[in-house]
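Before any comments, here is the structure.
The values are calculated or read from the model by the stated rules, or taken from the named source; none is laboratory data. Note that the structure is predicted; figures quoted are calculated from it, not measured. As a convention, Cβ positions derive from the backbone with ideal geometry for all residues, glycine included, and neighbour counts pool all protein chains shown. For the accessible areas, the whole protein counts, side chains as well, though only heavy atoms, and no ligand, DNA or RNA atoms are used. Shrake-Rupley method; radii C 1.70, N 1.55, O 1.52, S 1.80 Å.
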Amino acid sequence: MLPMQCVVKSSEIDSLKSLCASKTSKIYQLERQIALLLKEKVAARGDGGEGDVSYDSVSPSMLMSYANVCCGTSDDILLSGSTSKCYGTDNHSEAVHQSRDDSLIRPFEMYNPGVFCQLSLDELDASTAYSQNFSSRSVAYYGDIPYSYTGGEHQANSISANPYLEKVVIPAVTAIYPWFCFNSIMVAKYINGSQSIPFHSDNEPSIVSQSSIMTISLGTTRNLIFQPKGGDPYMSESAVPLGHGDVLFMSRFSQDVYEHSVPKDFSKNTRISITFRKLIVSNNCRSMEINAESCNMSSQPSLTSSQPPISQQRENPGPPQSDSKNSSSAPKLGLNNVTSTLSKTLYISSSMFSHLDSKKLSSKTQEALVFSYPGATAKNMHYRFRADSRVKEISPGSVDKIFLLCGTNDVDNIINSPKQLRNKVLYQSEQCNMERLANTCSEIEDFAHYLHGWASSAEIRILKVLPRESKARNEVINKINFYTKGLVDRFNWVKPCQIVKDRFLFANDLGYRKSAFFKTDGDDNVHLNKLGTARLANHLKFTAHNC
Ligand SMILES: O=C(O)CCC(=O)C(=O)O
Ligand SMILES: [Fe+2]
């Protein structure tokens, strides 16, 4: 199936760029403007835009990936809808498992202009000892695993040899793309336009097959050119101008289809690129399941390194709490049901699941058990679940599906702004505390790891935190949801939760939440009303029985 596509002319992007130039948050504004433009174009296309981007329901910084910005033929930019079954960030893992249609693989996954514009080319340059001088460029490599490729080999080299990379660049990368996992960094310096890299692809088997390769570009703008391998007469080359601070993600598997190069040009000034890869750690280590911690080079606080996963701390699961709230929120099931031999589906959440009726969710083949821990943060939910006496009665082998909705009660803690502002629908955020966000995301991941260790044959589906009314909260929620969505790509036991239209369950196509499904008492009430609960229950039951 071909993705839905809209062509946005490069001149249109240019005028949006100048429109946004005066705004404080350029990226956000540009993405938003592009999304609006895309929406207009989709509207003009006349198919209702079913499944296309919904700008407020995704994190601003990730909008580009939803919009799948790519270069098309000539210098136009193609924006394609994310409903394609064949590729796209949403369906990345699906794409790998499906028989692949190479003509549908894009040369790169995501292009975020200017994200790292605060990094300094000069400081990086001063901090870098280039070990290899190809006549065409100078190169320095960092990583515990040596990196060999056609034409060269880089020895392992400690990241601590480059203080600017270690202290400035890596923390910035882990803060902005906390889900991105890498264990190898290449710094390449092109003194001016006379230096270049010829067409090649980064298709070494040592690169984890479902990983992304990320490049940050600093200094003068140079074109990165893509061409299909073997030359496709129907596709011309496409060029992405990489300017100072721009970021580009390519998937490893696009390397089998495309080649890229930075050709010579007339640039007078220097460009340095920093390329991050995820190399396979060892033959025994299944690449899909490499713990992010072991492939993260940074000792800085990050999602993956700030705390050891609780799955590795099983001896110390935290304060054993007997959960007094459990009894009131216990599923309306007797002991017999809990110990029955039917395969079990567990629904675990804070109060968001408190009105789910386990009987209605059950069927002849599946027994539903609802675990609702009102007010629980991700960490607290984890502890309460582990201390829950009902859990101890379950034979883990009988659990084959787990739905987890976690993080709702962490959102306010992640927002820096004062409490009274959080409820304001239009309060302009930029208020996300990245460290707390990172902690919450790793706590959700830890809980998922625990669940996987406990019921190892169960498929775990992590639901999106439901939308709110206030922008500040939605921005945080988008980031949490983006992170948990990424777990699907990283762990084969985490399954996508969404049926195709999931994005529109509780939000409209503009990303605003559908108020008909939420309680209206108080400002920005998080709780679903009856209608909303029924909608959630139907969705869960459908997914549990059909996906
Ligand atoms: O400098 C760049 O952006 C490209 C570098 C590259 O393609 C590589 O190192 O494989
Ligand atoms: Fe490359």
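Just a few scattered comments:
Each row is one residue, and each column tells you yes or no for (1) part of a loop (DSSP other than H, G, I, E, B); (2) in contact with a strand residue (DSSP E or B) (Cβ under 6 Å, 6 or more places away or on another chain); (3) at pLDDT 80 or above; (4) surrounded by fewer than 15 Cβ atoms within 10 Å (Cβ to Cβ).
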residue: Gln498; (1), (2), (3), (4): yes, no, no, no
residue: Lys501; (1), (2), (3), (4): no, no, no, yes
residue: Leu510; (1), (2), (3), (4): yes, no, no, yes
residue: Gly522; (1), (2), (3), (4): yes, no, no, yes
residue: Val526; (1), (2), (3), (4): yes, no, yes, no
residue: Leu531; (1), (2), (3), (4): no, no, yes, yes
residue: His539; (1), (2), (3), (4): no, no, yes, no
residue: His545; (1), (2), (3), (4): no, no, no, yes
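- Residue within region 230-250 that is within 14 Å of ligand 2 (Cβ to nearest atom), assigned to a strand (DSSP E or B) and at pLDDT below 85 present: yes
- Against the test of being at pLDDT 80 or above, more than 13 Å from ligand 1 (Cβ to nearest atom), over 19 Å from the mean Cα position of the chain (by Cα) and of a type in the set (A, V, I, L, M, F, W, C), the options Phe226, Phe266 yield a single qualifying residue, Phe266.
- Test: Glu259 is assigned to a loop (DSSP other than H, G, I, E, B) and within 16 Å of ligand 2 (Cβ to nearest atom): no
- Condition met for Ser254 (within 15 Å of ligand 2 (Cβ to nearest atom), at pLDDT below 90, buried (at least 18 other Cβ atoms within 10 Å of the Cβ) and among the hydroxyl-bearing types (Ser, Thr, Tyr)): yes
- Residues of region 128-147 that are open to solvent by less than 30 Å² (accessible area, probe 1.4 Å) and under 16 Å from Arg277 (Cβ atoms): Val139, Ala140, Tyr141, Tyr142, Gly143, Tyr147.
- Scan region 381-404 for residues that are in contact (Cβ under 8 Å) with a residue 12 or more places away in the chain, over 13 Å from Ser456 (Cα atoms) and either more than 30 Å from the chain's Cα centre (by Cα) or open to solvent by 30 Å² or more (accessible area, probe 1.4 Å) (or both) and the total you get is 9.
- The numbered conditions (1) surrounded by fewer than 23 Cβ atoms within 10 Å (Cβ to Cβ); (2) at pLDDT below 85 are all true for Ala172 except (2).
- Where a residue in region 453-468 is within 14 Å of Met381 (Cβ to Cβ) and in a loop (DSSP other than H, G, I, E, B) and its partner, wherever it lies, is modelled with pLDDT of 90 or more and basic (Lys, Arg), with Cβ under 9 Å and at least six apart: none
- Filter result for Lys359 (touching a residue at least 12 places away in the same chain (Cβ under 8 Å) and touching an Asp or Glu at 6+ places or on another chain (Cβ under 6 Å)): no
- Check on Ile197, within 18 Å of Thr270 (Cα to Cα), at pLDDT below 95 and near ligand 1 (Cβ under 9 Å from one of its atoms): yes
- Scanning region 190-209 for residues that are open to solvent by less than 30 Å² (accessible area, probe 1.4 Å), away from ligand 2 (no atom under 14 Å from the Cβ) and touching a Phe, Trp or Tyr at 6+ places or on another chain (Cβ under 9 Å) yields Gly193, Gln195.
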